[in-house]
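Some notes on the structure that comes next.
The values are calculated or read from the model by the stated rules, or taken from the named source; none is laboratory data. Note that the structure is predicted; figures quoted are calculated from it, not measured. No Cβ is skipped: glycine too gets one built from the backbone with ideal geometry, and neighbour counts run over all protein chains shown. Keep in mind that these areas ignore ligands, DNA and RNA; they rest on the heavy atoms of the full protein, side chains included. Shrake-Rupley method; radii C 1.70, N 1.55, O 1.52, S 1.80 Å.
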Amino acid sequence: MMKQITKIPAAIDLEKGSNDFCPGCLHSASFKIVSQTLDEMGLFDKSAYVQGVGCCANALGYIRIDTIACPHGRGCAVAGAMKRCMPDTFIMTYQGDGDLAAIGMAETMHSANRGDNITVIFVNNGIYGMTGGQLAPTTLLGARTTTTPFGRNANEHGYPMHMCELINTLEAPSYIARVTCTDPANIRKAQKCVRDAFQHQLDGKGFSFVEFISNCPTNWGMTPLQSLDHIKNVVLNEYPLGVFRDK
Amino acid sequence: MAKGYVEINKKACKGCWYCVSVCPKKVLAEGDEANAKGFLTVTKANPDDCIGCGICALMCPDSALTVFKED
């Protein structure tokens, strides 16, 4: 007798429409981890989800969860207001690096500084994916993008922005972690970190933040498997994984 | 008799081959059959070797794989 051991999370509806992410995009993987955790913790029908602008909005085509799509970068501000109005609802935001670290920097840092009781899922692929591969604040030094055809140069374009480390300088946030989904072991660790972050919100401890190091095979000009190797060999040297704070 | 069984949702598969790279028994292989979107989809090369570990389904970003295991 064969028993089913894997389950498609309740928040993902493959019949509803198409999953518009590119082949190999780890956005789908991080959203899958988030929705599995919602299922495990029984939060699926009492949660609301703030959708950022950018590639992460491709998820709208195939998800089944209460969603508000906010103006560019304002995810944390919208989520903080929702949490104040509906304290019993589980609120999370799902944002990319152009949304959270560039245009939404002020909202994110002030929300973290106030210690809003929300969970922020930040997917960092080091490039503006949806608009065609421009320089993002998190792009690595030397990386070629359409706006830096000779590579990112520190004198001209500055250094990569480390969001976990920045938020770690504030007093209020309660949980900060950086994870990736490049291999099964890291996926298990990411599941644990997301579960811990959600638990911090349920316990009312304040701002919890999980950064996913992601890839962009299309704009990095690589195959999906090459992009995973690039994350392991290059990107993780700049952005070390780990739990930065758990109080 | 195989200890496990993988069900492939060809509609959802996008041919990233993450499952092929992590399968410990080389059950899955890169296929040459395209789905309606034009992506090549994964195929089963050695279905009898499947042990039902579920690593392919864990790795699949697009939830295209469902794993069954002998009870």
**Asked** For A:Ala69, are the conditions met, namely being among the small types (Gly, Ala, Ser) and surrounded by 14 or more Cβ atoms within 10 Å (Cβ to Cβ)?
**Response** no
**Prompt:** Of the residues in the range B:40-53, how many are free of Cβ contacts under 8 Å to residues at least 40 places away in the same chain and either among the polar types (S, T, N, Q) or open to solvent by 10 Å² or more (accessible area, probe 1.4 Å) (or both)?
**Reply:** 6
**Fill in**
Here, helices (runs of 4 or more DSSP H) confined to the range A:182-247 with at least 3 residues that are of a type in the set (A, V, I, L, M) are A:184-202
**Message:** Just to check your reading of the model, which residue among B:Lys11, B:Lys37, B:Lys26 is open to solvent by 60 Å² or more (accessible area, probe 1.4 Å) and either more than 11 Å from chain A (Cβ to nearest Cβ) or of a type in the set (S, T, N, Q) (or both)?
**Reply:** B:Lys26
**Prompt:** If you take the residues in the range B:50-67 that are touching a Cys at 6+ places or on another chain (Cβ under 9 Å) and not aliphatic (A, V, I, L, M), which one is nearest to the other protein chains (Cβ to nearest Cβ)?
**Reply:** B:Pro61
**Complete:** Of (1) free of Cβ contacts under 8 Å to residues at least 60 places away in the same chain; (2) of a type outside the set (Ser, Thr, Tyr); (3) open to solvent by less than 40 Å² (accessible area, probe 1.4 Å), A:His110 satisfies every one except (3)
**Prompt:** For residues in the range A:140-193 being within 20 Å of A:Val123 (Cα to Cα) and of a type in the set (Asp, Glu), which is most open to solvent (accessible area, probe 1.4 Å)?
**Reply:** A:Glu165
**Asked** If you go through the range A:13-26, how many residues are within 20 Å of B:Asn35 (Cβ to Cβ) and either aromatic (Phe, Trp, Tyr) or open to solvent by less than 10 Å² (accessible area, probe 1.4 Å) (or both)?
**Response** 2
**Prompt:** Pairs under 6 Å by beta carbon, first residue within 30 Å of A:Asp246 (Cα to Cα) and without any contact (Cβ under 8 Å) to a residue 60 or more places away in the chain in the range A:206-232, partner of a type outside the set (Ser, Thr, Tyr) and not in a strand (DSSP E or B), six or more apart or different chains?
**Reply:** A:Ile231/A:Asn215
**Asked** Just to be sure, is A:Lys7 within 14 Å of B:Leu58 (Cα to Cα), facing chain B (nearest Cβ under 9 Å), open to solvent by 40 Å² or more (accessible area, probe 1.4 Å) and more than 14 Å from the chain's Cα centre (by Cα)?
**Response** yes
